[in-house]
6 protein chains.
Amino acid sequence: MKYGARNQIKAKVTSIKSDEVMSLVKFEVIPPAKMASVITFESLADMDLKVGEEIRLVVKAINVLPVKD
Amino acid sequence: MKYGARNQIKAKVTSIKSDEVMSLVKFEVIPPAKMASVITFESLADMDLKVGEEIRLVVKAINVLPVKD
Amino acid sequence: MKYGARNQIKAKVTSIKSDEVMSLVKFEVIPPAKMASVITFESLADMDLKVGEEIRLVVKAINVLPVKD
Amino acid sequence: MKYGARNQIKAKVTSIKSDEVMSLVKFEVIPPAKMASVITFESLADMDLKVGEEIRLVVKAINVLPVKD
Amino acid sequence: MKYGARNQIKAKVTSIKSDEVMSLVKFEVIPPAKMASVITFESLADMDLKVGEEIRLVVKAINVLPVKD
Amino acid sequence: MKYGARNQIKAKVTSIKSDEVMSLVKFEVIPPAKMASVITFESLADMDLKVGEEIRLVVKAINVLPVKD
């Protein structure tokens, strides 16, 4: 199985909460984990990101797709 | 600083690659890390997700927003 | 009317379900339909995608925008 | 393999175009195909969508994830 | 023409930059403009958002769809 | 604080509506505001966008991230 996505993170389900249409599922990431981000070159230049820097990755929960083997 | 997003992951920049418009940045996640996903209740039911299960989280790199303090 | 999006698919509404904030609408695609995907070149190389191959396109429902003339 | 996404469409690769960071892949959808959309209840009410109506589904190519078995 | 999206902002094109696959287009918003955000109730509670507060709305450029009449 | 996103719009909260999992928040944009969109070069060519043109920017509310200092 191969995905057209750079981020494929192993994680364990820790909680589930639902209403009629939507559900919120929470996970604990199983390390080691790598991530990747695509941004405009302009944003990269504005942020002045450099290899080795520690930053924060913000992701809206709606953009996280759980996949179960 | 407070974000309207469930996922805020600490990470270290490991590589940067750019063309004229877009850039791809890679990171190593600094554990421990938690994540959250919002899916339809229907998808949750179809997947039969349960607390404690180990699954995979797939995220397109374009949906990952780096933030630098 | 011109859209800055590659995917513009004709479809027929088959069901609607709502709660107070969100709604889930289902459709039957009216063939023929074409789709397009933008991924990183790295993901393309990893997947080893070739013209003529049959694959699956996964799209979160939240990323589908209905437009009515 | 189970995905936390309502849209899982069979499709055939028809063309591939790449630059250094990003690639654009095109597909022909293999019918029959169903799709689903999540919108706010407010948008649903404004659109006055009804079962049986024919509409258009607009999806940015960046939100389409190819998966290969 | 009706869209299943809460944000429909009038804007004027101020610049365009392209490489082979992707383009970055910039705009000046024509006021008055309203916007809407859907977040989890949990994020709302964590942010402690209140009517009347001034905040910042962050949107990745990839999620902005230009439409031309 | 620096974000890997082209759109950072000042806005004032005008209303909030919630159910158990999701919330819809509305805002009045504080002018002047600029926006940016990333689309495929193909979409740009199809739309025949030109500097100075007035168009509409459509954004699903789910893709709008509120940030509070």
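Only the coordinates and a few stated rules stand behind these numbers; no lab work does. Keep in mind the model is a prediction, meaning the values are calculated, not measured. Cβ: placed from backbone, ideal geometry, glycine included. Neighbour counts: every protein chain shown.
Among the residues of the range C:15-54, write down those that are in contact (Cβ under 8 Å) with a residue 12 or more places away in the chain, part of a strand (DSSP E or B) and of a type in the set (Gly, Ala, Ser).
Within the range C:15-54, C:Ala36, C:Ser37 qualify.
Being over 13 Å from the mean Cα position of the chain (by Cα) and either touching a residue at least 12 places away in the same chain (Cβ under 8 Å) or more than 21 Å from C:Ile16 (Cα to Cα) (or both): is that true of D:Lys12 here?
Yes, satisfied.
What are the residues in the range B:20-67 that are within 28 Å of E:Leu57 (Cβ to Cβ) and more than 16 Å from the chain's Cα centre (by Cα), if any?
Matches in the range B:20-67: B:Glu20, B:Val21, B:Met22, B:Ser23, B:Thr40, B:Phe41, B:Ser43.
Which residues, counting only those in the range C:1-24, are within 7 Å of chain D (Cβ to nearest Cβ), basic (Lys, Arg) and surrounded by fewer than 21 Cβ atoms within 10 Å (Cβ to Cβ)?
Passing the criteria: C:Lys10, C:Lys12.
Which one is farthest from B:Val64 (Cα to Cα), of the residues in the range F:60-69 that are not charged (D, E, K, R) and not in a loop (DSSP other than H, G, I, E, B)?
Per the criteria, the residue is F:Ala61.
Against the definition (within 21 Å of D:Lys26 (Cα to Cα), in a loop (DSSP other than H, G, I, E, B), among the aliphatic types (A, V, I, L, M) and in contact with a Pro (Cβ under 7 Å, 6 or more places away or on another chain)), how does C:Leu57 come out, yes or no?
no
Give me a count of the residues in the range F:25-44 that are closer than 20 Å to E:Lys10 by Cα and surrounded by fewer than 22 Cβ atoms within 10 Å (Cβ to Cβ).
Of the residues in the range F:25-44, 9 are closer than 20 Å to E:Lys10 by Cα and surrounded by fewer than 22 Cβ atoms within 10 Å (Cβ to Cβ).
Please work out if B:Val58 is out of contact with any helix residue (DSSP H, G or I) (no Cβ under 9 Å at 6 or more places or on another chain), at the interface with chain A (Cβ under 7 Å from one of its Cβ atoms) and surrounded by 22 or more Cβ atoms within 10 Å (Cβ to Cβ).
yes
Among the residues of the range E:25-48, is any in contact with a strand residue (DSSP E or B) (Cβ under 9 Å, 6 or more places away or on another chain), on the phi < 0 side of the Ramachandran plot, among the basic types (Lys, Arg) and more than 7 Å from chain F (Cβ to nearest Cβ)?
No, there is no match, as no residue in the range E:25-48 is in contact with a strand residue (DSSP E or B) (Cβ under 9 Å, 6 or more places away or on another chain), on the phi < 0 side of the Ramachandran plot, among the basic types (Lys, Arg) and more than 7 Å from chain F (Cβ to nearest Cβ).
Does D:Val38 qualify as being within 25 Å of C:Lys50 (Cβ to Cβ) and of a type in the set (A, V, I, L, M)?
Considered against the rule, which asks whether it is within 25 Å of C:Lys50 (Cβ to Cβ) and of a type in the set (A, V, I, L, M), D:Val38 comes out as no.
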